[in-house]
C-alpha cells in the first residue's frame, strides 16, 4: 500500500540477540524502518516475532546488539537510564494479543488513567481525549461499561484507543487478532488500516496474510530467530526466494 514515509529511521536494530537459558530465540537480527512506515512481521510459531517486539519496548532485555527507537538508544551491555525508559514508554505504544485491560475499571478509566500517570493530564483532560478516541474506534457508547461487557473485538479496539491516548510515535501490535473470531477480527483490522492510512508508524506481528500484503509497506519474514526475507510486501508474499520462506507461505496462503 503506497504511503509517504519520512526518510529518517524511527527504529534501527543491529545484531539483536536474545536467549532464554540455552535456547537462542533471536540471533543477529538487523532491520530499520522509517517514520510513517507499516512493517508486518510474519513467520512460523516460535520464530522469535513476539520476542523481537518485547525487546523493542524493553519488556524483555536483549542480550546482544543494539536498538534505537524514537531516538532512544539501548545497548545490551548498558542499563537503560530511567528517564530514557520513561521516554520509551511514552513514545512507544503496545497492543497485546490478550487486551490487558483492567477488569475492575470502566472502559473510560482504562484509557484515562495511563494519561494521568504518564502524561500528567488532569482527569477532565484525559477523559476528553479518551472519549474522542473511543468515538474514533466506534465505541463511544461503551465509555461507562466494564470490559467484561464488551466483545473481544471491542476490547481490542479499546486497547488500541488506550495506546493512542499517550500520543505515541510508533505502535507495536503483537498478534492483535489471533484471540478473536475471524469476523470480529475484521473490526480490529479496519481500525489498524485507518491508523496506517493516517501515517502512524506501526510494527505488526500478525498471522493475517491479507493485512500483511495489502496494508503494510514492508514484510519481514522470520524463522528460527532470524530474518529470512525482507522487502516490499507483495514481493515477499508472492515471490519468496528461500525454500523455507516458500514452504511457510505456501502453507499459510493455501489453507
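The values are calculated or read from the model by the stated rules, or taken from the named source; none is laboratory data. It should be emphasised that the depicted structure is a prediction, and the values quoted were computed from it without experimental measurement. Glycine gets a Cβ as well: all are built from the backbone with ideal geometry, and neighbour counts include every protein chain shown.
Every residue, every condition in (1) modelled with pLDDT under 95; (2) touching a helix residue (DSSP H, G or I) at 6+ places or on another chain (Cβ under 6 Å); (3) assigned to a helix (DSSP H, G or I), yes or no:
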| site | (1), (2), (3) |
| --- | --- |
| 213 | yes, yes, yes |
| 220 | no, no, no |
| 227 | no, no, no |
| 237 | yes, yes, yes |
| 246 | yes, no, yes |
| 249 | yes, no, yes |
| 252 | yes, yes, yes |
| 255 | yes, no, no |
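When you scan region 128-148, do you find a residue that is touching a helix residue (DSSP H, G or I) at 6+ places or on another chain (Cβ under 6 Å) and within 19 Å of residue 42 (Cβ to Cβ), even just one?
No; the residues of region 128-148 include none that is touching a helix residue (DSSP H, G or I) at 6+ places or on another chain (Cβ under 6 Å) and within 19 Å of residue 42 (Cβ to Cβ).
In region 86-104, is there at least one residue being in a loop (DSSP other than H, G, I, E, B), without any contact (Cβ under 8 Å) to a residue 40 or more places away in the chain, surrounded by 14 or more Cβ atoms within 10 Å (Cβ to Cβ) and in contact with a strand residue (DSSP E or B) (Cβ under 8 Å, 6 or more places away or on another chain)?
No: region 86-104 contains no residue that is in a loop (DSSP other than H, G, I, E, B), without any contact (Cβ under 8 Å) to a residue 40 or more places away in the chain, surrounded by 14 or more Cβ atoms within 10 Å (Cβ to Cβ) and in contact with a strand residue (DSSP E or B) (Cβ under 8 Å, 6 or more places away or on another chain).
Under 7 Å between Cβ atoms, which residue pairs at least 6 apart in sequence (or on different chains) link something in region 224-243 that is in contact (Cβ under 8 Å) with a residue 40 or more places away in the chain and on the phi < 0 side of the Ramachandran plot with a partner that is outside any loop (DSSP other than H, G, I, E, B) and loosely packed, with under 15 Cβ neighbours inside 10 Å?
226/28
Condition (residue is at pLDDT 95 or above, within 14 Å of the chain's Cα centre (by Cα) and within 28 Å of residue 29 (Cα to Cα)) applied to region 177-192: is it met by at least one residue?
The first filter runs over region 177-192 and keeps only residues at pLDDT 95 or above, leaving none.
Within region 177-192, none of the residues are at pLDDT 95 or above, within 14 Å of the chain's Cα centre (by Cα) and within 28 Å of residue 29 (Cα to Cα).
Give me a count of the residues in region 4-30 that are assigned to a strand (DSSP E or B) and at positive phi.
Quick first cut of region 4-30, residues assigned to a strand (DSSP E or B) only: 9-20, 23-30.
Filter once more, keeping what is at positive phi: 15, 28.
Looking only at that region, the number is 2.
Look at residue 75 and say whether it is surrounded by 19 or more Cβ atoms within 10 Å (Cβ to Cβ) and without any contact (Cβ under 8 Å) to a residue 12 or more places away in the chain. Reasoning before the result, please.
Working: surrounded by 19 or more Cβ atoms within 10 Å (Cβ to Cβ): no; without any contact (Cβ under 8 Å) to a residue 12 or more places away in the chain: yes.
In short, no.
Can residue 162 be described as surrounded by fewer than 21 Cβ atoms within 10 Å (Cβ to Cβ), part of a helix (DSSP H, G or I) and either at pLDDT 95 or above or touching a helix residue (DSSP H, G or I) at 6+ places or on another chain (Cβ under 8 Å) (or both)? Walk me through how you get there before you give the answer.
Values: surrounded by fewer than 21 Cβ atoms within 10 Å (Cβ to Cβ): no; part of a helix (DSSP H, G or I): yes; either at pLDDT 95 or above or touching a helix residue (DSSP H, G or I) at 6+ places or on another chain (Cβ under 8 Å) (or both): yes.
The answer is no for residue 162.
Given the options 179, 190, name the one that is out of contact with any strand residue (DSSP E or B) (no Cβ under 7 Å at 6 or more places or on another chain), in a loop (DSSP other than H, G, I, E, B) and within 21 Å of residue 253 (Cα to Cα).
179
State all residues of region 53-69 that are surrounded by 17 or more Cβ atoms within 10 Å (Cβ to Cβ), assigned to a loop (DSSP other than H, G, I, E, B) and in contact with a strand residue (DSSP E or B) (Cβ under 6 Å, 6 or more places away or on another chain); if no residue qualifies, say none.
57, 62
Yes or no: residue 156 surrounded by fewer than 19 Cβ atoms within 10 Å (Cβ to Cβ) and touching a helix residue (DSSP H, G or I) at 6+ places or on another chain (Cβ under 9 Å)? Explain how you work it out, then say what you get.
Details: surrounded by fewer than 19 Cβ atoms within 10 Å (Cβ to Cβ): no; touching a helix residue (DSSP H, G or I) at 6+ places or on another chain (Cβ under 9 Å): yes.
No; evaluated as a whole, the condition is false for this residue.
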